[in-house]
């Protein structure tokens with residue numbers, strides 16, 4: 001069975017859109033401003049729980065937020081629905097975030113969805129509009145279990161950066 005060029009391009013576009021979501025989530029978890037920003041066109045806007053950010057400032061703003069307020073973050077983005085229209089796409093995605101707050105005794109758990117618009121410019125898909133809609137935000141007690149030999153490092157010294165570089 002032959003795949004026509006249009007179907008192949010749609011598959012490539014969908015994968016590139018999923019990659020933008022992955023860069024965003026990984027950027028949050030690593031506290032990596034550049035990685036977060038790489039998911040946005042500079043003229044993008046995001047309504048993030050009532051705070052409005054631009055594509056030019058969101059990377060630095062969100063990275064600082066997680067680095068200053070949280071010891072660790074764990075962000076999952078699932079159920080990404082993508083409606084393609086040429087070099088534009090409308091998307092709905094569900095998310096869950098688990099965060100260890102700096103005080104160490106509390107956890108923040110959030111879940112909801114985002115309504116997003118992305119555009120492909122110069123061959124690259126990035127967000128141009130996002131609206132983050134939380135369905136649940138909970139503060140939880142945070143009992144910590146230490147696992148011997150496991151070091152959590154959000155800097156670029158973390159082993160994940162080396163592993164992902166070697167894949168290129």
Space enclosed by the convex hull of the alpha-carbon atoms of the chain, per residue, Å³:
150 Å³
Only counting other Cβ atoms within 10 Å, I'd like 120, 102 sorted with the fewest neighbours first.
102, 120
Modelled label-to-label distance, residue 48 and residue 115, 7 Å Cα→beta-carbon offset: nm?
2.0 nm
Which value in deg cm²/dmol, rounded to the nearest 500, describes the helix-derived mean residue ellipticity at 222 nm for the chain, given -39,500 (n - 2.57) per DSSP H run of n ≥ 4 and division by the residue count?
-9500 deg cm²/dmol
What whole-number distance in Å separates the alpha-carbon centres of the range 63-131 and the range 1-56?
9 Å
Would you mind telling me which residue in 20, 157, 83 has the biggest mean-square fluctuation in a Gaussian network model of the chain, where springs connect alpha carbons within a distance under 10 angstrom?
157
Fewest Cβ neighbours within 10 Å first, please rank 99, 65 accordingly.
65, 99
List 66, 137 from most exposed to least, where exposure is judged by having the fewest other Cβ atoms within 10 Å.
137, 66
Along the Cα-to-C-beta direction of residue 87, a point sits 7 Å from the Cα; which residues of the range 103-128 have their amide N less than 15 Å from that point?
118-128
Segment residue 26-residue 5, length gained on full extension (0.36 nm per residue, minus Cα span):
4.4 nm
Expected output is a single nm value to one decimal: the length gained when fully extending between residue 133 and residue 102, i.e. 0.36 nm times separation in residues minus the C-alpha distance. What is it?
8.7 nm
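Each reported figure results from applying straightforward, stated rules to the coordinates on display, with no laboratory input. Since this is a predicted model, take the numbers as computed values, not measurements. Note that we place each Cβ from the backbone using ideal geometry, even for glycine, and neighbour counts take in every protein chain shown.
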